[in-house]
Amino acid sequence: MRTLTAFLLLSLAPALAADDSPWRLGAALGYGERNNPLVQSDDVPIVLDLDIAWFGERFFFDNGDLGFTFVDNASVTTSFMARVNSDRLFFGRTNTKFVNFDLAGAPLAAEVELTIPDRDYAIEAGVELLSDGRWGFLQVSAFHDVSGTHEGFEIDANYGIGFGRGNWYIEPAIGVSYKSEELNDYYWGVRPGESSEALPAYEAGDGINAQVKLRASYYFSRDWSFALSAEYERLNDEAADSPIVDRDGVLGYFAGVAYRF
């Protein structure tokens, strides 16, 4: 899963890329949400989104991602990168509740405390390849946990193509993400010590998430635009079958006014 900033700000990229400054600064104000697939949890609101990036000759910072570009030519750009895994985002918006649970042999249902296990952020390092042209753009990346949090890896591939007509810019895209067993089980599994009558133990294997995205921008001027963005990510079956998950997909959307500084 990408971060909320990445979810929105690719819509702003055509305008923001027009400046020769090494800095890319922008903000979008509006409203949107991203569904939380965890049980008894709150969706993630999007009201204000900031874009803060700096690109040097080789090193760069892009909304939390750190990178070093070692191949940069007309065909492809390849970089070493470090990032924070975004799966942990959802675990910060859960609630502890008491649920009715039928105990074996009991004539009445009993209330049992159901608490979603906590998970830590993971620092991941890897390689990202970018290529674009009139045919569209292709992004392929591979990241491995270097913080010892989940000790797994993820491989991503995304393809999209942009269309400009008048003041409109529209960009549909599709993508897939392979999650290793270690990564999937850390975030979506339930350890025996975390289980209860209401939350059975569960071990998740590896799996593939699929995404579809649509981004659109209408430019009032070089600096001002109206941005629309929608994204749906289908969780892999191993994650969707977890007892801490009650949705098999994550829908996100945003509409608002964006400004580049």
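The phi-based Karplus calculation (6.51 cos²θ - 1.76 cosθ + 1.60; θ = phi - 60°) puts the 3J(HN,Hα) values of the stretch 44-53 at 9, x, 10, 10, 10, 10, 9, 10, 10, 8 Hz, whole numbers, x for Gly and Pro. The distance linking the stretch 43-95 with the stretch 158-174 is 21 Å (Cα centroid to Cα centroid, whole angstrom).
A simple spin-label model places the labels of VAL76 and THR115 4.9 nm from each other, with each point 7 Å out along Cα-to-Cβ. Loop-located chymotrypsin sites (Phe, Trp or Tyr not before Pro) in the stretch 126-197 (DSSP state not H, G, I, E or B) with no more than 13 neighbouring Cβ atoms inside 10 Å: TRP135. Were the residues from SER147 through TYR218 laid out at 0.36 nm apart, the gain over their Cα-Cα distance would be 21.5 nm. The loop-placed trypsin sites (Lys or Arg not before Pro) in the stretch 188-261, going by DSSP, that have at most 16 neighbouring Cβ atoms within 10 Å of their Cβ come out as ARG222, ARG247. Between GLU194 and ASN167, residue separation times 0.36 nm minus the direct Cα-Cα distance comes to 4.4 nm.
Placing dummy labels 7 Å off each Cα toward the beta-carbon, the span from LEU138 to GLU203 is 3.7 nm.
The calculated FRET efficiency for ARG234 paired with ALA125, based on their beta-carbon distance and R0 = 45 Å, is about 0.95.
Here, each number is a calculation from the coordinates, and none is a lab measurement. Fair warning: this is a prediction, and the values are worked out from it, not measured in the lab. Note that each Cβ is placed from the backbone with ideal geometry, even for glycine, and that neighbours are counted across all protein chains shown.
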